[in-house]
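Q: Following this message is one structure expressed as structure tokens.
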Amino acid sequence: MAVSAKPPTVASCHSDLSNSLHRNCMSNTIKFSISLRTCKLSLKKNNEISVASTDSIDTRDPNSVICDLCLSGNLEQALTQLNTMKELQLTVDEETFISLVELCERKRAEPEGCQVYSLISNSTTHLSIRLGNSLLSMFVRLRNLVDAWYVFGKMSERDVFSWNVLIGGYAKAGYFDEALNLYHRMLWDGQRPDVYTFPTCEFIGDERLGKVVHGYAAKHDFGKDVSISNSLIQLYSSIGAWEEAEKVFTRVESKDVVSWTSMISGYENNGLPEKAVEIYKKMETEGVEPDEITIASVLSACASLGRLDMGIELHEFAKRTGLLSYVIVTNALIDLYSKCKLIDKALEVFQLIPNKNVISWTSIILGLRINNRSVEALSFFRRMKASLMPNSITLISVLSACGRIGALMTGKEIHAYALRIGLGFDGFLPNALLDMYVRCGRMDIACNQFNSHEKDIASWNTLLTGYAERGQGKDAIELFNKMDVKPDAVTFISLLCACGRSGMVANGLDYFNRMTEDYGLAPNVKHYACVVDLLGRAGKLEEAHRFIEKMPIKPDQAIWGALLNACRIHKQVELGEVAAQHILDMDEPESVGYYGLLCDFYADIGKWDEVGRVKKLMREKGVTVDPGCSWVEVKGSIHAFLTGDQNHPQVKEISAVLDGFYEKMEEVGFDEVDGPKAEILCGHSERLAIGFGLINTAPGMPIRVTKNLYMCENCHKMVKFISKVVRREIGVRDTESFHLFKDGSCSCGDAGYKPKTETTR
């Protein structure tokens with residue numbers, strides 16, 4: 001078929017590829033026609049080879065070797081192996097070429113990509129869909145439309161992906177007439193557009209380009225062609241103009257499944273899941289049969305809304321209609337069940353997928369992470385790497401898991417892996433790495449990462465949060481003063497928190513006022529809670545109470561909880577009981593933490609009847625406490641310890657070490673009295689993790705522990721004592737703060753455990 005769109009005049013891998021085209025058909029493998037070099041070679045079945053050399057004999061299939069090298073991101077070695085195969089006149093599988101092309105695309109390695117393409121083009125006249133699509137994607141990503149055009153012409157068959165990639169390449173480069181011409185030719189060729197066709201794999205997130213195309217489409221009346229109307233719905237939805245998409249949708253007289261699906265996915269992608277569900281129900285009443293993309297889009301909306309009931313109904317529908325065989329549907333189900341806290345159900349769906357793709361693995365890894373099963377998430381990531389190349393979203397998900405459990409060495413390995421495969425600076429990945437280093441307690445590496453890439457507001461906020469968690473108010477203020485982007489609401493939450501934990505009351509109040517006066521940001525309930533905490537920690541309890549009474553919005557549990565905690569620290573019984581009553585008067589506390597805080601407050605003032613009442617209330621409401629769990633990384637492996645864990649193979653050695661510290665603490669008069677908050681919210685699991693770290697690491701080596709609950713005062717005192725005795729740095733990250741223990745003191749300055757004095761600017 002002749003296609004009238006023409007490539008722009010730009011540099012290409014070779015200037016006149018069309019002259020070398022022949023009429024030979026391509027088989028599943030591509031052979032080199034280059035003379036056999038001098039070498040002792042024995043061929044075996046399935047292209048296995050044994051190359052005799054003075055050094056070693058390698059009997060592996062060379063195609064598998066290249067694919068493995070591509071999987072690990074070793075492009076240079078893969079090309080060396082390819083050249084060896086060329087010299088030996090060995091058969092190169094199509095899958096091998098696809099792996100090489102995809103790696104060149106990820107690494108933006110244009111010279112190497114052209115080298116691979118040259119070998120392919122010298123060996124065949126026509127390209128298969130898979131190999132052709134891989135080359136198209138690479139050249140479009142490299143902005144080489146000339147060679148993309150030649151590849152498109154050499155493809156014996158094309159699918160919707162082929163057209164989408166080339167249309168997107170022309171549009172992204174500003175060749176809108178050519179892009180639209182290709183789109184019309186695509187329709188003429190009988191190819192059905194999908195939700196990614198127009199605008200494409202390039203418009204999303206590019207507001208300037210979206211507006212230009214929007215204007216172009218508005219200027220030309222595209223008539224009543226349903227396929228063009230569907231494309232316009234997709235176009236308007238992708239640039240955020242969902243109301244315009246609605247207008248087009250309303251004007252379509254004979255809506256097909258693509259029309260409905262485009263509108264459903266448009267609503268979902270624009271953060272309007274309620275409308276997505278609503279329009280799907282209208283589609284049902286119209287008697288239009290949904291396809292796999294429809295079901296996947298509605299499942300995504302259900303996941304956003306927490307509509308498990310509707311999601312289960314769609315799951316059953318997909319089973320009955322055979323749509324469950326589509327991986328896009330199963331991937332959406334994994335996301336739904338994960339977000340609805342049914343991770344075992346998500347795992348069940350995942351295991352039943354015969355051909356898992358990158359999105360399948362990424363979805364289950366993220367699902368495990370958000371369901372607090374981060375160790376399993378890391379295990380699934382390792383399994384995935386054995387067969388598939390992760391994308392940047394996969395790496396972001398697994399880095400989040402590393403941060404949650406303090407897996408620093410694993411996180412570093414992933415960082416190196418991302419750089420090796422060319423994804424180290426892709427999208428949000430630099431910020432994910434920054435967050436991982438902050439959560440793992442390595443602010444030094446975090447600062448290096450922060451300075452190594454282009455910074456957005458998320459980068460600044462992540463580093464500010466790190467300083468806030470460590471009570472480093474002065475560092476937070478210094479960083480804030482360097483910001484070259486407009487701060488947002490999250491910025492001021494971190495800043496107020498940092499000031500509060502550093503006793504910098506005047507600074508905190510100044511920033512609270514400035515966020516409205518200088519930046520036009522209206523404080524939300526979290527900002528007010530930070531101010532209450534700021535005043536309360538400094539002992540200004542009456543001022544904090546007056547601040548609550550004058551608030552323009554209704555105080556929630558977090559605000560009264562901040563006041564109650566301050567009253568507990570400063571032993572202000574009367575005001576504390578007022579705050580406690582406000583929490584109890586609310587229908588249902590949002591977090592088990594408030595129950596623990598209430599128990600601890602009443603225990604401190606000797607009201608044991610009230611402690612019993614709160615615990616009874618917890619039982620009646622079915623409030624459960626997550627079992628205490630702490631993680632420690634030793635020699636690159638993660639070790640988890642549950643509260644009272646007696647099953648660990650080294651439990652006797654760990655107990656002996658801890659018993660030794662208990663004896664020494666008694667000798668110096670350490671009095672440990674566990675209160676109800678310690679029982680409910682701590683669990684002391686960090687002690688086991690620290691004991692394991694001391695046994696299995698060299699003297700003087702730092703120990704880093706992460707735990708899923710609050711660190712009680714007694715554990716805090718004990719770890720300070722241990723750090724002094726063993727002369728080691730011990731880092732413990734709990735749900736509230738990061739504690740760095742050294743020489744008997746903690747970086748938090750005992751904030752939250754004893755009164756904090758106000759400091760000056």
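Q: Does residue 124 satisfy the criteria of being open to solvent by less than 20 Å² (accessible area, probe 1.4 Å) and outside any helix (DSSP H, G or I)?
A: yes
Q: Moving to a separate point now. Which of (1) of a type in the set (Ser, Thr, Tyr); (2) within 32 Å of the chain's Cα centre (by Cα); (3) open to solvent by 10 Å² or more (accessible area, probe 1.4 Å) does residue 162 not meet, given it meets every other one?
A: The single condition residue 162 does not satisfy is (3).
Q: Step by step: first the residues of the range 442-471, then only those that are small (Gly, Ala, Ser) and more than 20 Å from residue 733 (Cα to Cα), then the one that is surrounded by the most Cβ atoms within 10 Å (Cβ to Cβ). Which residue is that?
A: Top of the filtered list is 459.
Q: Within the range 515-529, work out how many residues are open to solvent by 10 Å² or more (accessible area, probe 1.4 Å) and either β-branched (Val, Ile, Thr) or closer than 13 Å to residue 493 by Cα (or both).
A: Result for the range 515-529: 9.
Q: Report, by residue number, each residue of the range 684-710 that is over 27 Å from the mean Cα position of the chain (by Cα), open to solvent by less than 10 Å² (accessible area, probe 1.4 Å) and closer than 24 Å to residue 597 by Cα.
A: Scanning the range 684-710 gives a single hit, 685.
Q: Next up: For the range 273-318, name all the residues that are more than 23 Å from residue 247 (Cα to Cα), surrounded by fewer than 20 Cβ atoms within 10 Å (Cβ to Cβ) and of a type in the set (A, V, I, L, M, F, W, C).
A: Listed by number, the residues that qualify are 305, 308, 310, 312, 317.
Q: Select, from 732, 726, 719, the only residue that is at pLDDT 90 or above and open to solvent by 10 Å² or more (accessible area, probe 1.4 Å). Working first, answer last.
A: Details: 732 fails: open to solvent by 10 Å² or more (accessible area, probe 1.4 Å); 719 fails: open to solvent by 10 Å² or more (accessible area, probe 1.4 Å).
The unique qualifying residue is 726.
Q: Could I ask something else about it? Taking the condition out of contact with any Asp or Glu (no Cβ under 7 Å at 6 or more places or on another chain), assigned to a helix (DSSP H, G or I) and of a type outside the set (Lys, Arg), does residue 535 pass? If you could, list the steps in order and put the result at the bottom.
A: Details: out of contact with any Asp or Glu (no Cβ under 7 Å at 6 or more places or on another chain): no; assigned to a helix (DSSP H, G or I): yes; of a type outside the set (Lys, Arg): yes.
No; evaluated as a whole, the condition is false for this residue.
Q: Any idea which residue in the range 530-562 is surrounded by the fewest Cβ atoms within 10 Å (Cβ to Cβ), counting only those that are of a type in the set (A, V, I, L, M) and over 34 Å from the mean Cα position of the chain (by Cα)?
A: Within the range 530-562, the match that is surrounded by the fewest Cβ atoms within 10 Å (Cβ to Cβ) is 551.
Q: Still on this model: What helices (runs of 4 or more DSSP H), lying completely within the range 414-474, carry at least 3 residues that are under 18 Å from residue 496 (Cβ atoms)?
A: 457-469
Q: Restricting attention to the range 390-409, and to residues there that are touching an Asp or Glu at 6+ places or on another chain (Cβ under 7 Å) and buried (at least 18 other Cβ atoms within 10 Å of the Cβ), which single residue is farthest from residue 641 (Cα to Cα)? Before you say what the answer is, go through the steps one by one.
A: So in the range 390-409, the residues touching an Asp or Glu at 6+ places or on another chain (Cβ under 7 Å) come out as 392, 403, 406-409.
Within this subset, residues satisfying the condition of being buried (at least 18 other Cβ atoms within 10 Å of the Cβ) are 392, 403, 406-408.
Details: 392: 31, 403: 17, 406: 13, 407: 14, 408: 17 Å.
Selected residue: 392.
Q: If you check every pair at least six apart or on different chains, which have Cβ atoms under 8 Å apart with a residue in the range 509-522 that is farther than 19 Å from residue 543 by Cβ first and a residue that is of a type in the set (Phe, Trp, Tyr) second?
A: As it stands, the answer is 515/492; 521/492, since those pairs meet every condition given.
The values are calculated or read from the model by the stated rules, or taken from the named source; none is laboratory data. All figures in this text were calculated on a predicted structure; none of them were measured in a lab. Because the Cβ atoms are built from the backbone with ideal geometry, glycine has one as well, and the counts that use them run over all protein chains shown. These accessible areas exclude ligands, DNA and RNA; they are computed on the full protein's heavy atoms, side chains included. Shrake-Rupley method; radii C 1.70, N 1.55, O 1.52, S 1.80 Å.
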